[in-house]
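Comments concern the structure below.
The values are calculated or read from the model by the stated rules, or taken from the named source; none is laboratory data. Given the structure is predicted, the values throughout are model-derived calculations rather than measurements. Cβ placement follows ideal geometry from the backbone for every residue including glycine, while neighbour counts extend to all protein chains displayed. Heads up: the accessible areas ignore ligands, DNA and RNA and are worked out on the full protein's heavy atoms, side chains in. Shrake-Rupley method; radii C 1.70, N 1.55, O 1.52, S 1.80 Å.
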Amino acid sequence: MKRYKAYDPPEYWKWVRDEGAVEQFKGRLASSEALSSGVRGLSTGELLGLYRSLLRARLHDVYLKRWVKNGVITKAWLATGEEAVTVGSVRALRRQGREGDVVGPMIRNAAACIEMGLPLVEMFGSYLALNETVCRGRDLHIGDLRHGVVAPISHVGSLMPVMVGCALAFKMRREDRVAMTWVGDGSSKTGEFHEGANFAAANKLPIVIFIQNNQVALGTRTDLHNVGDFSVWADAYGMHGEVVDGNNVLDVFLTSQRAVERARAGQGPTLIVAETFRMGGHATHDEREARDLFAPEVFEAWGKRDPIGVFEEYLLDLGVDLAGGFELGGDLEAHNRAALEAIDAEVTEEMERAGEAALALRAAGGPDPADLLDGVYA
Ligand SMILES: Cc1ncc(C[n+]2csc(CCOP(=O)(O)OP(=O)(O)O)c2C)c(N)n1
Ligand SMILES: [Mg+2]
């Protein structure tokens, strides 16, 4: 993908293929029969769909960062480096609006909203406090039940019992629907996470719960707040557990599919620990301080494992005609690279159009101070 010196972390704009990182990606997929047979079952259409979604996640954040740098907004919460956790999991769901599965994303999972079908103009509009967004300018946290997205509130961990409640409703109404949510390594320490996890397990509810371990909570490294090992938590709650490479979109996707199937089959919740890394700050305001939390080698190692860069190399190494139109005797790799670049250009254009439309809406009005207290209950 196109890299941006002004917006990408340095490891990304200088990104070049690293054989060790590519081998690690492939090795993971070969490490179990479930993953290797799952990979064999994927069509090029599905692979490119995942690729396009990863680009949407990254370029949405690049666009926001551009707005911060240009003074359009003061701050943005990005998921740079963690895109595969959200994209791989949501794409395992039935995304059918009000009738389908539901997600409860935290701000780091904005890509879940995009994948569930929230218009990009509303995603950008939430940062501009537009009247046209679901909170009508009151809160930048965004969701929309018409797309199966429960909007979070600022309090981390609080979505957990809400999503468990959705799963309870599905079970009681005998609806063939699944709930999914993500908590950070830090948020996993809240009482609400514990209450929700225990309730989901005790009642065998159809929910998939991610612990998204990006190795840090605000300015506190995970090793300073998590003495034990997340991989044993599922056992402690008495629920099925999985650990995935959060920088490997296929691992996340295939493991999520199995967890969703278990939930649909009445086999109860799955707790999936996704190991990944936050390549930026908690938000754009503390990017410099965030670089001091880990040794430069840590950023370098995770940087080589850019979930998009490595996936691109994986796709090219498949040696198949990814998007069609290859003519015998031609250069297959060049043909495929051009296909990936075309997707990049399309998604970039999509972001530009949505961002411009959101700015135009702001210029045309914005929230009306007269309805300030409408919909405010406490
Ligand atoms: C209940 C609660 N306590 C504290 C905060 C302030 N806060 C916001 S994000 C955050 C860290 C969350 O870390 P983690 O769960 O690992 O998620 P990440 O930001 O790494 O994605 C904190 C402490 C909050 N929003 N809610
Ligand atoms: Mg974290």
Here is a list of conditions, (1) within 13 Å of ligand 1 (Cβ to nearest atom); (2) out of contact with any Ser or Thr (no Cβ under 6 Å at 6 or more places or on another chain); (3) among the aliphatic types (A, V, I, L, M), and Met279 meets all of them except one; can you say which number that is? (2)
Please tell me if Ala295 is out of contact with any Phe, Trp or Tyr (no Cβ under 9 Å at 6 or more places or on another chain), among the small types (Gly, Ala, Ser), farther than 25 Å from Met123 by Cβ and modelled with pLDDT of 95 or more. yes
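A quick yes/no check of all residues on (1) closer than 30 Å to Gly137 by Cβ; (2) among the aliphatic types (A, V, I, L, M):
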residue: Leu322; (1), (2): no, yes
residue: Glu327; (1), (2): no, no
residue: Leu332; (1), (2): no, yes
residue: His335; (1), (2): no, no
residue: Ile343; (1), (2): no, yes
residue: Glu352; (1), (2): yes, no
residue: Leu359; (1), (2): yes, yes
residue: Gly365; (1), (2): yes, no
residue: Ala370; (1), (2): yes, yes
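Please verify whether Gly81 is on the phi > 0 side of the Ramachandran plot, open to solvent by 50 Å² or more (accessible area, probe 1.4 Å) and part of a loop (DSSP other than H, G, I, E, B), treating the condition exactly as stated.
no
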Positions within the range 82-136 being among the acidic types (Asp, Glu), under 22 Å from Arg52 (Cα atoms) and away from ligand 1 (no atom under 16 Å from the Cβ), in sequence order: Asp101, Glu115, Glu122
Could we say that Val72 is of a type outside the set (Ser, Thr, Tyr) and either farther than 23 Å from Arg288 by Cα or in a helix (DSSP H, G or I) (or both) here? no
Check the range 133-141 and report whether any residue there is buried (at least 22 other Cβ atoms within 10 Å of the Cβ) and more than 16 Å from ligand 2 (Cβ to nearest atom). yes
Looking at this structure, is Leu159 touching a helix residue (DSSP H, G or I) at 6+ places or on another chain (Cβ under 7 Å), within 14 Å of ligand 1 (Cβ to nearest atom), within 15 Å of Arg108 (Cβ to Cβ) and open to solvent by less than 70 Å² (accessible area, probe 1.4 Å)? no
Taking the condition β-branched (Val, Ile, Thr), over 30 Å from Ser126 (Cα atoms), loosely packed, with under 12 Cβ neighbours inside 10 Å and at pLDDT 95 or above, does Val39 pass? no
Residue ID - farthest from Arg91 (Cα to Cα), chosen from residues in the range 162-191 that are touching a helix residue (DSSP H, G or I) at 6+ places or on another chain (Cβ under 7 Å) and surrounded by fewer than 18 Cβ atoms within 10 Å (Cβ to Cβ): Lys189
Among the helices (runs of 4 or more DSSP H) lying completely within the range 274-378, list those that include at least 2 residues that are in contact with a Lys or Arg (Cβ under 8 Å, 6 or more places away or on another chain) and in contact (Cβ under 8 Å) with a residue 60 or more places away in the chain. 307-317, 332-364
Return the pair list, or none, for Cβ contacts closer than 9 Å from residues in the range 94-106 that are at positive phi to residues that are in a loop (DSSP other than H, G, I, E, B) and surrounded by 16 or more Cβ atoms within 10 Å (Cβ to Cβ), at least 6 apart or on different chains. Gly97/Gly148
Picking from Ala259, Ala274, Ala234, which residue would you name as being modelled with pLDDT of 95 or more, open to solvent by less than 60 Å² (accessible area, probe 1.4 Å), under 26 Å from Tyr63 (Cα atoms) and among the aliphatic types (A, V, I, L, M)? Ala274
